[in-house]
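Worksheet: the structure to be examined is printed underneath.
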Amino acid sequence: MKIKFTQILLIAIIMIGSIQLSAQKLGHINSQNIIVDMPDYKSALIEFQDYQKSLQKRLEDLQRLNQEELQDYQSKMDQMTEESRQRAEADLQERFQNLEKKQYEFQTKLQEREQEIMVPIQTKLANAIKEVAKKNGYDYVFEEAATLYAEGNDISNLIRKHLGLTVPEK
């Protein structure tokens, strides 16, 4: 008799657990599609591109100066003494090494700037997702790009409305 009671209790617990699991509300979004429509992103993109252009210009100026120095050296090397030629070659080598360092520095600066620009935008989106999920009773919201199969509701348009973005017509 005690075994039957334990079995019934176990079955009841399993049923309650499965009912609770099936009652969860799932949603999914495509955050990248939402972000590219955000005004903050559009202005941040312009700012980033301007920053990238300014770094690119500085890099091109350094490359141009190095090329000019190299051409100057090549035109004068026949008249130079061995010692002055070695100094000039060492100087050129140092200039080109510094150029490589600058390229690496600029790449790092670009990545840092992109992070600075994107973090507030991603935070704004994350907060909107949380608010919409709570308001509409979603237990989980998944990113479509990271999901192989998306069952549940696409709540991208709810997020768009919450952020004040235009909702595309289907």
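The values are calculated or read from the model by the stated rules, or taken from the named source; none is laboratory data. For clarity, every value in this text was computed on a predicted model and none was experimentally measured. All Cβ positions, glycine included, derive from the backbone under ideal geometry; neighbour counts span all protein chains shown. Note: accessible area is taken over every heavy atom of the protein model, side chains too, but ligands, DNA and RNA are not part of it. Shrake-Rupley method; radii C 1.70, N 1.55, O 1.52, S 1.80 Å.
For Glu112, the conditions (1) farther than 29 Å from His28 by Cα; (2) surrounded by 10 or more Cβ atoms within 10 Å (Cβ to Cβ); (3) modelled with pLDDT under 95 all hold with the exception of (3). Scanning segment 99-109 for residues that are of a type outside the set (D, E, K, R) and farther than 20 Å from Glu68 by Cβ, we see that the one that is most open to solvent (accessible area, probe 1.4 Å) is Tyr104. The requirement of being at pLDDT below 60, of a type in the set (S, T, N, Q) and either within 30 Å of Asp154 (Cβ to Cβ) or outside any helix (DSSP H, G or I) (or both) is fulfilled nowhere in segment 24-37; no residue meets it.
Scanning segment 57-98 for residues that are within 30 Å of Glu116 (Cα to Cα), open to solvent by less than 90 Å² (accessible area, probe 1.4 Å) and of a type in the set (S, T, N, Q) returns Gln63, Asn98. Would you check which residues across segment 126-155 are in contact (Cβ under 8 Å) with a residue 60 or more places away in the chain and open to solvent by 70 Å² or more (accessible area, probe 1.4 Å) and list them? Selection gives Asp139, Tyr140, Phe142, Ala145, Glu151, Asn153, Asp154.
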